[in-house]
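S.K.: Have a look at this one before I ask anything.
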Amino acid sequence: MTHEGGSEGAQRPRVHVLALGGTIAMTGELGPGVTPRLTAEDLLAATPGLDAVADVQAEQLRQLPSAALTRADLLATARRIIEVLDAGADAVVVTQGTDTIEETAFALDLVLPGPQPVVVTGAMRPANVAGADGPASLLAAVQVAASPAARGAGVLVVFDEQIHAASRVRKGRASSPGAFTSPDTGPLGWVVEGEVHVLAVPSRRRTVPDVDAALLERIRVGVLPVQLDDDGLLLDAVVGLDRDGRGFDALVVEAFGGGNVPPSLVGDLASLATRIPVVLTTRTGAGMVHTATYGYPGGGVDLVRAGLIPGGWLDARKARLLLTLLLAAGVGRDELAEWFV
Ligand code: ASP
């Protein structure tokens with residue numbers, strides 16, 4: 001469906017909305033629970049003001065809760081975005097569930113070359129409840145996508161009037177339209193009175209070259225959260241192989257503080273790091289891994305000396321996705337570290 005209307009039809013940016021499901025598309029009853037059932041066209045119809053902003057097209061790509069999205073869905077979304085941009089759209093808005101936006105938006109940011117705006121949004125409240133935030137989120141996302149200020153800024157996530165970089169954003173609460181934050185930087189900008197204000201742009205953006213779709217399906221990167229007095233049982237399970245004799249192709253360690261683990265884990269992590277890439281991240285929710293501070297057994301200095309790759313500013317979830325895409329693109333072990341900044 002194209003929402004034309006307005007007096008400057010031909011001049012308005014063409015924004016293509018790709019709907020994947022999520023709470024923004026959910027309705028139903030409390031009790032049995034809401035499920036995704038509103039179509040992309042339903043979402044546009046429920047959002048007043050779009051016509052004044054852009055010439056908006058709607059397309060249903062998936063109809064899923066975001067917990068059910070797969071890497072194949074992600075690749076299909078990236079491919080479709082490239083197709084519609086090649087076909088003449090000026091920008092794309094993706095609507096999806098909020099649970100995995102911090103991962104999907106980051107993955108899109110890593111594979112889409114740009115510079116056309118790609119904005120991801122959703123809703124924290126289902127469509128049938130008072131204060132449903134889907135229409136406001138969709139309108140703000142289209143406003144950002146239609147803005148020249150979003151060009152070249154990488155994939156953006158828009159919620160609650162805020163514009164976040166996909167590389168920094170996290171879902172920081174289980175409820176509330178204000179659940180999204182960028183703990184390390186704050187939002188890049190705001191949508192105020194329908195105007196888009198981008199106050200900062202991400203400092204560094206790199207695109208992972210030529211991800212092999214078949215390899216992407218096969219690559220398995222695990223995440224190991226470490227615990228106080230960790231007895232290593234989970235790490236033993238990670239090191240193990242499945243029935244087909246396959247184990248993880250890489251591991252992300254979600255460590256304490258600046259990147260520290262109990263001394264009991266160091267031996268196994270060090271030997272694992274001789275076989276597969278092991279990336280070190282912090283479980284704190286913000287900040288970067290330290291590589292020159294703690295030299296005790298299990299401290300960051302010790303772990304990097306043992307061959308772990310410091311994950312920089314990326315949290316475990318984003319590090320896992322970056323690692324997965326890099327391995328699926330055939331990036332060699334020696335080149336991995338330079339991607340984690
Ligand atoms: N559980 C939902 C999902 O991620 C949450 C949401 O969309 O807000 O699909």
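The values are calculated or read from the model by the stated rules, or taken from the named source; none is laboratory data. None of these values were measured; they are calculated from a predicted model. In this analysis, Cβ positions are derived from the backbone assuming ideal geometry, glycine residues included, and neighbour counts consider all displayed protein chains.
S.K.: Where in segment 243-329 are the helices (runs of 4 or more DSSP H), entirely inside, with at least 2 residues that are in contact with a Phe, Trp or Tyr (Cβ under 9 Å, 6 or more places away or on another chain) and of a type outside the set (A, V, I, L, M, F, W, C)?
M.R.: Ranges flagged: 300-305, 316-328.
S.K.: Now for a different question. Among the residues of segment 32-46, is any buried (at least 16 other Cβ atoms within 10 Å of the Cβ), basic (Lys, Arg) and within 16 Å of the ligand (Cβ to nearest atom)?
M.R.: no
S.K.: Do we have SER137 as within 13 Å of the ligand (Cβ to nearest atom), buried (at least 21 other Cβ atoms within 10 Å of the Cβ), on the phi < 0 side of the Ramachandran plot and at pLDDT 95 or above here?
M.R.: yes
S.K.: Can you name every residue in segment 148-158 that is buried (at least 23 other Cβ atoms within 10 Å of the Cβ) and either closer than 12 Å to GLN116 by Cβ or touching a residue at least 60 places away in the same chain (Cβ under 8 Å) (or both)?
M.R.: Listed by number, the residues that qualify are ALA150, ALA153, GLY154, VAL155, LEU156.
S.K.: In segment 99-114, which residues are among the hydroxyl-bearing types (Ser, Thr, Tyr) and buried (at least 23 other Cβ atoms within 10 Å of the Cβ)?
M.R.: Across segment 99-114, the qualifying residue is only THR104.
S.K.: Output the residue which, of all residues in segment 118-147 that are in contact (Cβ under 8 Å) with a residue 60 or more places away in the chain and more than 22 Å from the chain's Cα centre (by Cα), is nearest to LEU85 (Cα to Cα).
M.R.: Among those that are in contact (Cβ under 8 Å) with a residue 60 or more places away in the chain and more than 22 Å from the chain's Cα centre (by Cα), it is ALA127.
S.K.: Taking segment 48-95 on its own, how many of its residues are free of Cβ contacts under 8 Å to residues at least 24 places away in the same chain and away from the ligand (no atom under 16 Å from the Cβ)?
M.R.: Of the residues in segment 48-95, 5 are free of Cβ contacts under 8 Å to residues at least 24 places away in the same chain and away from the ligand (no atom under 16 Å from the Cβ).
S.K.: Could you tell me which residue of segment 96-117 is nearest to the ligand (Cβ to nearest atom), considering only residues that are touching a residue at least 60 places away in the same chain (Cβ under 8 Å) and in a loop (DSSP other than H, G, I, E, B)?
M.R.: Of everything passing the filter in segment 96-117, GLY97 is nearest to the ligand (Cβ to nearest atom).
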